[in-house]
Each structure stands twice: as C-alpha cells, then as structure tokens.
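The values are calculated or read from the model by the stated rules, or taken from the named source; none is laboratory data. Since this is a predicted model, take the numbers as computed values, not measurements. All Cβ positions, glycine included, derive from the backbone under ideal geometry; neighbour counts span all protein chains shown.
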C-alpha cells in the first residue's frame, strides 16, 4: 500500500557513515556478495511478494536488505537529514508522491539520473508518472512504482436495500462524469437507507477523490501556489462540504479506529477506492463483508497514491542499485506486485500481462479489478505537483471539512478557516 493519503512510511536502511573518500567503498555482506540496502516507507510489498528473492536468484552475487519506518512523516524528515549530510543513506530510497515535487526541485543533485540506468525505459511508464520523477532539465531522480487510479467501492446489500441498482456497470452510470451526480445518488440512497447507515464514509476522503480528478490543484506550471484561487480546488471542496452539510457522510476520520469499526459493521455504503484501499477494506470488514462489496468506476478518473525509487549519489553501490531499481519497476515486476499485494502498476505494458488483465477480487464479488483500474489509469489527468501539496490537502480536510462534519462551522466559514490554516502553515 503506497499512498500519500495514508501518510505511512519506512525509513531507509543506513549505509556506513564513513564518507572520507571521493568514491565510497562497496558494501558487502562479508561473504563476497554486494549488499544493496533499500530504505522504504509504508508497505511497498517487494519483500512480501518475493521480488527480492527473485532478483537474488537471478543475481547470486547480490544480497538485498530492506529497512523500513512505518510513517512517512517520520521517514521523510530523516531522509532529508541524511541527504544533507551525505551519510546514513540506503542504496535505494523510497520517495512518496507527496514529496516528489520537493525532492526534484531541491534535492536533484543528491540523486543519480535513472534515465540512464540499465533496464529503465521511459516507454514503460505512464508519461505523467515519468515526468513527476524528473527535473525540468530531464534528469530522472525517481522511477515510478505504483499509482492509485480511482474507483468507488460500494456495499451491494445496502444499495439493494435502498432500491439502487447493484450491478457495477449500472452503478457506474448513476454518477458517470460528475461528482454532483454521486451526491444526487447519495441523497436518493439516504432517503431510503435504514437508520444509522450513511452514503459515504468521510468528507475528507471524498475531497481527496474529487481533487484527484481535477485538471489543476494547488500550484500552477510556474510553481506559484493557487490553492485559494483555483476553481478546481473550490469545486472539489464544495462537493465534499455539501456531502457533509447534507448528512451524507458518516463523519469519520479515515484510518482511525472508529472508521475501521464502521467498515466492519457496514454503516456506510460507499468509499473512494484506489486499488490499495481494497486490501484495507478486506482486512477491516472481515468475513462478514466478503462478497457484499463491489467496485464501480468513479465519476471521473483520478489518482490517489503512488511512490518512487531513487538512488542517492552518496550510496555505496550506486550502479548495482540503479539496476535493481529499474528491475523492480519494470512491467513484469509491477504486474506481479499487483497480483500479490494489490499495488497497481504505473507501467501501461503491465496492463496487458495476465496478472493484471485477468485479475479479479473474490472479496469484491469477483470484480474484474485489473480491467477497472487499467481503464481508470488511462484517464488520469496530468497534474502539477507542488512541494507543499500534502500540507495544503491536510488542512482543507482536517481544519475545513472535519469541522463541518462536527457541526462546528458552516461550509463558508470552514473554507475560510482552512485557507487561513494553510497560509499559516506555508508562512503566506
């Protein structure tokens, strides 16, 4: 599971701090093998999917060791500290999508150019994914791992009880092309749903989905912050604020214990659902939810989540690390990772491989998730990422929308409070 919204992450494994020489000595395991250290955040799933073992079988002279830190808010500051001192770095470092713009803008000289790495091919990646990991002059400091194409996961039993269609194609037609149609379907549902059941889990999660499908977000092409004046941001906010004000949300914070419990009890009918969310739903909903959930296309295509692999210049085994990073992000490995862990590929050639093209999910009523998410991925808009996207988005959700759900502010006042909070966070 790789996502900014989760804010999860793992600190890179530490290489030797001895940087006295111009060329760092290769690090070995004491048995003559080259040890490549990988520092990640969250759960990239490479180790669990067996990809490290596969690579070491292909390259018996290589040993791979992974170190992780659970949360990105702990991982990323430490990564910046290590980059500043050119020490304590792993041979490969994970970079979260929320941080990639800042890294490419301010830390590019600290990373290798992976466009020249053996096995790295631009045509293997979605163009926007390749570009997000690149500097303005074309240096690729991060190879894309997964992406988070948007869908809507829904409870078939709750839809049926409220008189709504349950077939995923018919469900998608309810809101095709417009998040307002999604709210309209919610109002119909809410009028017939049993007491204690709401349309959607949270205003914050709905906002994340809506803004992910917008053409622009918080920064323009020149790098100027436009969060207060961009109509796309306000439109996404209005969708989520309307859901909160009209009582369509369960008033929950995502990834909190009450949210987990509500998922288990089945007290909300829909949730914005990139591929990585499915594993979370399955885990928290448990056996009681098996077969009751399904997946339909979202109102608009969008992206929520994704990461990158970079190779620091201060690493001990740069050339070998670059080869491994390219191999891990190649179409075949991305397809296997999706099959084993649910991380959707950022590599279009992977979509035609059986592990993706034929993928279904029994927990979600046998939904053809490979096809659904591949179609969504093709429609993801190219967006400008900014250095403080995560801070802006968090304040809109937690200072603005959450206060509407809690009954503390109306939508207009909550917007003003969110903008003030963002200004303060960015020293505007």
Selection count, region 203-237, where residues are over 20 Å from the mean Cα position of the chain (by Cα) and crowded, with 22+ Cβ neighbours inside 10 Å: 1
Subset of region 36-66 [more than 15 Å from residue 321 (Cα to Cα) and in a strand (DSSP E or B)]: 41
Which number in (1) modelled with pLDDT under 95; (2) in the same structural domain as residue 334 (by TED's automatic domain parsing); (3) buried (at least 21 other Cβ atoms within 10 Å of the Cβ) marks the one condition that residue 10 misses? (2)
From the list 157, 109, pick out the single residue that is farther than 22 Å from residue 387 by Cβ, modelled with pLDDT of 95 or more, more than 17 Å from the chain's Cα centre (by Cα) and part of a helix (DSSP H, G or I). 157
Any pair with Cβ under 6 angstrom, 6 or more apart, that starts in region 339-354 at a residue that is without any contact (Cβ under 8 Å) to a residue 40 or more places away in the chain and ends at one that is buried (at least 20 other Cβ atoms within 10 Å of the Cβ) and assigned to a helix (DSSP H, G or I): 350/331; 350/334; 350/335; 350/356; 351/374; 353/335
Enumeration of residues in region 258-280 that are under 27 Å from residue 334 (Cβ atoms) and surrounded by fewer than 18 Cβ atoms within 10 Å (Cβ to Cβ): 279
Which residue, of 340, 375, is closer than 24 Å to residue 151 by Cβ, in the same structural domain as residue 154 (by TED's automatic domain parsing) and surrounded by fewer than 21 Cβ atoms within 10 Å (Cβ to Cβ)? 375
Name every residue in region 189-204 that is farther than 29 Å from residue 418 by Cβ and either assigned to a helix (DSSP H, G or I) or not assigned by TED's automatic domain parsing to the domain that holds residue 272 (or both), in order of residue number. 191, 192
Yes or no: residue 315 in the same structural domain as residue 108 (by TED's automatic domain parsing) and either buried (at least 17 other Cβ atoms within 10 Å of the Cβ) or more than 28 Å from residue 359 (Cβ to Cβ) (or both)? yes
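Condition check ((1) within 26 Å of residue 280 (Cα to Cα); (2) touching a helix residue (DSSP H, G or I) at 6+ places or on another chain (Cβ under 9 Å); (3) not assigned by TED's automatic domain parsing to the domain that holds residue 248) across all residues:
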site: 379; (1), (2), (3): yes, no, no
site: 383; (1), (2), (3): no, yes, no
site: 386; (1), (2), (3): no, yes, no
site: 390; (1), (2), (3): yes, yes, no
site: 395; (1), (2), (3): yes, yes, no
site: 403; (1), (2), (3): yes, yes, no
site: 409; (1), (2), (3): no, yes, no
site: 414; (1), (2), (3): no, yes, no
site: 420; (1), (2), (3): no, yes, no
Just checking, how many residues over region 251-266 are in contact with a strand residue (DSSP E or B) (Cβ under 9 Å, 6 or more places away or on another chain) and free of Cβ contacts under 8 Å to residues at least 12 places away in the same chain? 0
Being touching a strand residue (DSSP E or B) at 6+ places or on another chain (Cβ under 9 Å) and part of a loop (DSSP other than H, G, I, E, B) is the filter here, so list the residues in region 126-146 that pass it. 126, 133, 139, 141, 142
Can you tell me how many residues in region 356-378 are under 30 Å from residue 103 (Cβ atoms) and modelled with pLDDT of 95 or more? 5
In region 137-166, how many residues are touching a helix residue (DSSP H, G or I) at 6+ places or on another chain (Cβ under 9 Å), over 17 Å from residue 310 (Cβ atoms) and free of Cβ contacts under 8 Å to residues at least 60 places away in the same chain? 4
Counting only residues in region 113-125 that are in contact with a helix residue (DSSP H, G or I) (Cβ under 6 Å, 6 or more places away or on another chain) and outside any helix (DSSP H, G or I), the one nearest to residue 82 (Cα to Cα) is identified as 117
Condition set without any contact (Cβ under 8 Å) to a residue 24 or more places away in the chain and either touching a helix residue (DSSP H, G or I) at 6+ places or on another chain (Cβ under 9 Å) or surrounded by 15 or more Cβ atoms within 10 Å (Cβ to Cβ) (or both), scope region 174-202, selection farthest from residue 267 (Cα to Cα): answer is 174
Listing of helices (runs of 4 or more DSSP H) fully contained in region 380-428 that carry 3 or more residues being within 16 Å of the chain's Cα centre (by Cα) and within 17 Å of residue 212 (Cβ to Cβ): 389-395
